Amino acid sequence: MLALLALLLAPASPAQLARHAMYVDTLPAGGAALRPGLRAFAATAGLLDAALTSLNSLQSLVSKDNYRNSVQALNNPASSALGFSLEGEIQSALQPVLAKTKTVSKTRFTDVVGALVQAPKPGSGVLLSSLAALVGNLAVQEKRVERADVDSFLQRVGRYFAPYEQLNNVNARFEQQVTRMNGRLIELQFDIREYMLDIVLLLHPGESRAALRTRPMEELLLQYLDGPVLESLDTARRLPPYPGDGVKGAKEICSNVQKVFREYQKMYGDNYNEIRAIVQAARALGRSGSGATTDATLKSLETLYTESAQADALNLRLRTLEGRLAALVSSTQVLPR
């Protein structure tokens with residue numbers, strides 16, 4: 001008995017999930033071999049299987065670490081992916097100022113500036129203000145350093161800050177959108193679970209909703225809605241009438257999956273276009289010969305985005321989900337009214 005219970009509660013394996021999907025996809029058309037009620041419940045199980053696949057794919061897609069890491073790396077002051085390095089330009093602009101100093105250690109000063117540039121900060125505006133104060137102190141301490149030297153330094157480096165500030169803003173907005181998208185996925189997961197529980201409890205009224213809610217949905221699908229389980233209920237004449245709102249709930253789930261995917265596509269598409277525009281605009285700031293670096297950055301971003309977008313649509317199995325919904329609608333059209 002304990003061995004049987006352990007078997008029932010064991011996590012669903014990929015092979016089991018594949019077997020369930022195969023059962024659904026090989027159901028005979030037109031209700032030829034299945035009674036209408038059994039066909040409707042089997043079609044519902046198939047739709048839930050596809051909905052879970054879509055949900056799991058969406059949860060994986062939103063993280064999209066390769067793309068996000070590449071985009072965030074552009075905002076590294078030491079990186080030259082924009083055709084120039086912010087840290088390098090700052091250190092270069094410092095040299096004429098430091099050349100006029102006598103009492104300041106040039107090596108120590110450049111180290112302090114380097115640490116300041118690399119330190120976490122809320123925005124490039126804060127960094128520029130800190131640099132202005134740091135270099136401004138040189139004009140106070142060193143007689144040969146004049147206000148014009150400080151102004152020249154700030155004017156020279158100031159123009160390199162704009163792309164980094166823009167990237168910082170775009171990345172911050174993108175992370176906020178990802179957080180909201182994760183919230184939408186939690187809501188979608190809740191809707192799919194509740195719909196599944198409604199069907200499971202209709203077929204197995206002796207179960208506890210509270211206890212079932214703690215179980216992974218893949219396990220519920222295999223233990224309570226798998227083909228042999230439904231056939232057993234049908235053979236024993238214990239299959240209840242199909243719920244009148246079953247198709248409506250299924251349509252809402254499919255609609256919400258597609259809606260979230262469209263929001264996801266727009267979120268990443270907008271981010272890609274914004275980042276691309278910033279990188280292209282920064283080309284004018286690069287030194288002679290840096291165009292190849294900018295081109296390589298743009299190409300890398302385009303490849304990541306394009307390959308990812310193609311894989312996303314494939315992995316999400318939206319066509320499978322749509323096909324399962326159509327099969328469910330068709331199966332309910334022959335049910336007794």
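The values are calculated or read from the model by the stated rules, or taken from the named source; none is laboratory data. Owing to the predicted nature of the structure, the values given are computational and were not obtained by experimental measurement. For neighbour counting, all protein chains shown are included, and Cβ atoms are generated from backbone atoms with ideal geometry for every residue, glycine included.
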ask   = Among (1) surrounded by fewer than 18 Cβ atoms within 10 Å (Cβ to Cβ); (2) at pLDDT below 90; (3) in a helix (DSSP H, G or I), where does Tyr305 come up short?
value = (1)
message = Could you list, ordered by first residue, the pairs with Cβ atoms under 8 Å in which the first is in the stretch 92-119 and exposed (fewer than 15 other Cβ atoms within 10 Å of the Cβ) and the second is of a type outside the set (A, V, I, L, M, F, W, C), at least 6 apart or interchain?
response = Pro96/Asp149; Pro96/Ser152; Lys102/Glu142; Lys102/Arg144; Thr103/Gln141; Thr103/Glu142; Gln118/Pro77; Gln118/Glu87
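Table: residues versus (1) in a helix (DSSP H, G or I); (2) closer than 23 Å to Ser63 by Cα; (3) at pLDDT 95 or above.
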{"residue": "Glu219", "(1), (2), (3)": "yes, no, yes"}
{"residue": "Gly244", "(1), (2), (3)": "no, no, no"}
{"residue": "Ile253", "(1), (2), (3)": "yes, yes, yes"}
{"residue": "Asn271", "(1), (2), (3)": "yes, yes, no"}
Filter result for Gln265 (out of contact with any strand residue (DSSP E or B) (no Cβ under 9 Å at 6 or more places or on another chain), closer than 26 Å to Arg156 by Cα and not hydrophobic (A, V, I, L, M, F, W, C)) = no
ask   = Within the bounds of the stretch 163-171, is there any residue that is modelled with pLDDT under 90 and either basic (Lys, Arg) or not in a helix (DSSP H, G or I) (or both)?
value = no
ask   = Restricting attention to the stretch 157-173, which residues are among the basic types (Lys, Arg) and within 21 Å of the chain's Cα centre (by Cα)?
value = Arg173
key: Val200 closer than 30 Å to Asp270 by Cβ and in contact (Cβ under 8 Å) with a residue 24 or more places away in the chain   = no
inquiry  = Quick test for you: out of Leu86, Leu131, Leu82, pick the one residue that is in contact (Cβ under 8 Å) with a residue 40 or more places away in the chain, more than 30 Å from Thr303 (Cβ to Cβ), buried (at least 16 other Cβ atoms within 10 Å of the Cβ) and in contact with a Phe, Trp or Tyr (Cβ under 9 Å, 6 or more places away or on another chain).
reply    = Leu131
query = For Lys299, are the conditions met, namely being farther than 18 Å from Ala50 by Cβ, basic (Lys, Arg) and in the same structural domain as Ser57 (by the TED database)?
reply = yes
key: Residues that are in contact with a helix residue (DSSP H, G or I) (Cβ under 6 Å, 6 or more places away or on another chain) and either small (Gly, Ala, Ser) or not assigned by the TED database to the domain that holds Val62 (or both), drawn from the stretch 247-276   = Gly249, Ala250
task = List the number of the failed condition for Ile275; all other conditions in (1) more than 19 Å from the chain's Cα centre (by Cα); (2) assigned to a helix (DSSP H, G or I); (3) within 30 Å of Gly88 (Cα to Cα) hold.
result = (1)
inquiry  = Pairs needed: first member in the stretch 233-258, surrounded by 13 or more Cβ atoms within 10 Å (Cβ to Cβ) and of a type in the set (Ser, Thr, Tyr); second member anywhere, assigned to a loop (DSSP other than H, G, I, E, B) and modelled with pLDDT under 95; C-beta distance under 6 Å; at least 6 residues apart or different chains.
reply    = Tyr242/Leu335
